[in-house]
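Okay, structure first, notes after.
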Amino acid sequence: MDTTNSTVFISGATSGLGLALAQRLQSAGSTVVIGGRRQDRLDALAAEHGFGTVVIDVADADSIATAAADVIDRYPALDAVVTMSGIMRNEDLRDPGHIDDALETVQTNLVGTIRLIDAFLPHLLTRPAATLITVSSGLAFVPLTATPTYSATKAGVHSYTQALRQQLVGSSVEVLELAPPAVQTDLMGGADFGGMPLDAFTDEVMGLLESGAAPEILVQNVQPLRWAERDGTHQQILEAMAGRGH
């Protein structure tokens, strides 16, 4: 991915990882369009940073279709999409009442990612070179006991990304997967489990994007989760995270 001269759309970029990445890509020289559900928040970020903006709810199929058509119409040079949107909720699987949270999480994190890809991929395939970045998680590889559906949806995103990458071999679209570790954001209303500082995470991600080293964008903090099965540490890490609520 050319971080210095791309036209990038990032869904779910009004806070946290999405906003941090949007700011870094813009600073590097790319044109950045951010998506989110709140018009007032989008307007404030546009005024502060000069981003292009679009209202989008990734849990709503019509909203995705409308937003994608709008972005492509206003930014025909669009050549990169980041499917950043996601929600994370604690669930007690002994309580059947968790199903509402589970369904909303699947609709946003997994179905939303698939619909975003469907909406933008035909356009990206017309570009001489394009990049599609999905966002999974270290929890795709070792689940967090407290957030089982979140972890499952991120495992689904990982698997879907692998299949998509294989289907697009020989096309103009490169498919990357960003798998963050715990990062200090407001994903669950506060600092995430004492995770790595957001600036440090974004610095490392930008370096990996610029290097083009691998289709999986893996900062050092996520490596133990990503390779837990290979290294025989999966159960140990699973129990450790469950024990300290991480």
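The values are calculated or read from the model by the stated rules, or taken from the named source; none is laboratory data. The structure presented is a predicted model; accordingly, all values stated were derived computationally and were not measured. Every residue, glycine among them, receives a Cβ derived from its backbone with ideal geometry; neighbour counts consider all protein chains shown. Note: areas computed on protein heavy atoms with side chains; ligands, DNA, RNA excluded. Shrake-Rupley method; radii C 1.70, N 1.55, O 1.52, S 1.80 Å.
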**Asked** Looking at segment 198-246, which of the residues that are in contact with a strand residue (DSSP E or B) (Cβ under 7 Å, 6 or more places away or on another chain) and open to solvent by less than 50 Å² (accessible area, probe 1.4 Å) is farthest from D2 (Cα to Cα)?
**Response** L198
**Asked** When only residues in segment 36-73 that are charged (D, E, K, R) and over 21 Å from G86 (Cβ atoms) count, which is surrounded by the most Cβ atoms within 10 Å (Cβ to Cβ)?
**Response** D70
**Complete:** Per the filter on segment 105-130, residues in a helix (DSSP H, G or I) and either among the hydrophobic types (A, V, I, L, M, F, W, C) or on the phi > 0 side of the Ramachandran plot (or both) are V106, L110, V111, I114, L116, I117, A119, F120, L121, L124
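Within segment 193-242, considering only helices (runs of 4 or more DSSP H) that don't extend past its boundaries, which have at least 2 residues that are hydroxyl-bearing (S, T, Y)?
Fully inside segment 193-242 and qualifying: 198-211.
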**Request:** Of the numbered conditions (1) part of a loop (DSSP other than H, G, I, E, B); (2) open to solvent by 70 Å² or more (accessible area, probe 1.4 Å), P143 fails exactly one; give the number of that condition.
**Result:** (2)
**Request:** Answer with yes or no whether I87 is in contact with an Asp or Glu (Cβ under 8 Å, 6 or more places away or on another chain), buried (at least 16 other Cβ atoms within 10 Å of the Cβ) and within 24 Å of A44 (Cβ to Cβ).
**Result:** yes
**Asked** Can you tell me which residues in segment 1-33 are open to solvent by less than 30 Å² (accessible area, probe 1.4 Å) and hydrophobic (A, V, I, L, M, F, W, C)?
**Response** V8, F9, I10, A13, L19, A20, L21, A22, L25, V32, V33
**Prompt:** open to solvent by less than 20 Å² (accessible area, probe 1.4 Å) and either at pLDDT below 95 or within 28 Å of V169 (Cβ to Cβ) (or both): does that describe F120?
**Reply:** yes
